[in-house]
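One structure is given here, and the rest of the page talks about it.
We did not get these values from a lab; they are worked out from the coordinates using the rules stated. If you're wondering where the values come from, they're calculated on a predicted model, not measured in any experiment. Every residue, glycine among them, receives a Cβ derived from its backbone with ideal geometry; neighbour counts consider all protein chains shown.
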Amino acid sequence: MGFTKKGFTPLAFDDIPWSTPDVFNKTYDILQQHKRVIHLLPPWYDIDTYEDLLKFYNRNKETPRDSSTTMTALNTYLKKKENV
């Protein structure tokens with residue numbers, strides 16, 4: 001899930017039944033109720049664990065996405081983590 005600054009609402013995270021099959025529908029309903037513009041993308045994998053994060057990072061490094069803000073932040077984070 002992603003937001004623009006204008007479209008963000010913390011209500012999208014309130015009273016969500018996390019780790020259940022109802023997460024998507026509940027979140028979608030909240031966003032619709034608050035008149036947010038919603039664009040659905042094809043289903044993709046979650047990043048729930050450190051291992052998931054590493055898979056995401058390795059899948060995207062040395063690709064055109066490598067210079068994205070997300071990848072730049074991950075590069076910084078992972079370098080610091082290696083030095084701890």
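Can you tell me the orientation of helix 23-33 relative to the chain, as the angle in degrees between its alpha-carbon axis and the longest Cα principal axis, to the nearest 10?
60
Find the centroid of the Cα atoms in segment 40-77 and in segment 5-20, then give the distance between the two in whole Å.
The distance from the Cα centre of segment 40-77 to that of segment 5-20 comes to 21 Å.
Tell me the label only: which of [x] 29, 15, 13; [y] 31, 14, 9; [z] 21, 13, 12 is semi-axes √(5λ) of the Cα gyration tensor in Å as calculated from this structure?
So the structure-derived entry is [x].
Hey, what number do you get for the chain at 222 nm if only DSSP H runs of n ≥ 4 count, each worth -39500 (n - 2.57), divided across all residues, to the nearest 500?
On the way: 3 runs with 37 residues, N = 84.
Result for the chain, helices only: -14000 deg cm²/dmol.
Which residues' amide hydrogens lie under 5 Å from the amide hydrogen of residue 61, considering only partners 5 or more residues apart or on another chain, with H built in the peptide plane?
none
Taking the chain as the reference, fit the longest principal axis to its C-alpha atoms, fit the long axis of helix 69-83 to the helix C-alpha atoms, and give the angle between the two in degrees, 0 to 90, nearest 10.
50
Between residue 75 and residue 5, with labels modelled 7 Å along Cα→Cβ, what's the label distance in nm to one decimal, could you check?
According to this spin-label approximation, the distance is 2.4 nm.
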